[in-house]
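The values are calculated or read from the model by the stated rules, or taken from the named source; none is laboratory data. Worth saying up front: this structure is predicted, and the values here are computed from it rather than measured. Methodologically, a virtual Cβ is constructed for each residue, glycine included, from the backbone with ideal geometry; neighbour enumeration extends over all protein chains shown. Side chains are part of the model used for accessible areas, which takes the heavy atoms of the whole protein and leaves out ligands, DNA and RNA. Shrake-Rupley method; radii C 1.70, N 1.55, O 1.52, S 1.80 Å.
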Amino acid sequence: MFTPSRQDARQFFFDTWRKHKAGDPLTDLERLTLSILIEHPEYHPIVDNPDRYGEREWQPEDGDTNPFLHMGLHLAIEEQLSIDQPFSIRELHDTLARRHDDRHAAQHEMMECLAEMIWHAQRNGGMPDVNLYLSCIRGRLGIGPEDTPRLNPDEID
């Protein structure tokens, strides 16, 4: 499995934006990334300036939002939706999107849950917990956790 470095991931966003502006052909993943970039015009000055922002640190305690993390979480959710994994994530997303009448706003709610799951895994030195993630999203919909907890990928033989 390919695990890009922070710099590789950032360079992917810079390259996608550069290719778009130049009118160069894009891969499927780049087209998906471009759709996320287009929905975030506040990040255009950043992806226009890789020399200035390629190594910048964004500190949450300073009130900063890391644009690359934000867009990366969008990409992760798009991947989940494309394969409906974890199972039923697409249905939960669609319900949130109908509630907000906005697909993008639904993803932002999901991103908070995804980020919380990742934070818990890092804090506890463990693997991400799919039940925590889904329970968070379900809680936002007011439907409570699932009756039967799911196995996390690291628990499956």
Mind checking which residues of segment 95-115 are under 16 Å from Ser35 (Cα atoms) and either touching a Cys at 6+ places or on another chain (Cβ under 8 Å) or free of Cβ contacts under 8 Å to residues at least 12 places away in the same chain (or both)? Asp102, Arg103, Ala105, His108
Have a look at Leu75, Leu92, Leu96, Leu69 and point out the one that is open to solvent by 70 Å² or more (accessible area, probe 1.4 Å) and of a type outside the set (Val, Ile, Thr). Leu69
Quick one: in segment 1-11, which of the residues that are assigned to a helix (DSSP H, G or I) and open to solvent by 50 Å² or more (accessible area, probe 1.4 Å) is modelled with the highest pLDDT? Gln11
Is one or more of the residues making up segment 101-113 more than 30 Å from Phe14 (Cα to Cα) and at pLDDT 95 or above? yes
I'd like the residue in segment 99-111 that is among the charged types (D, E, K, R) and not in a loop (DSSP other than H, G, I, E, B) and, out of all such residues, is most open to solvent (accessible area, probe 1.4 Å). Arg99
Which of the numbered conditions does Ile137 fail, given that it passes all the others? Conditions: (1) modelled with pLDDT of 95 or more; (2) in a loop (DSSP other than H, G, I, E, B); (3) in contact with a helix residue (DSSP H, G or I) (Cβ under 6 Å, 6 or more places away or on another chain). (2)
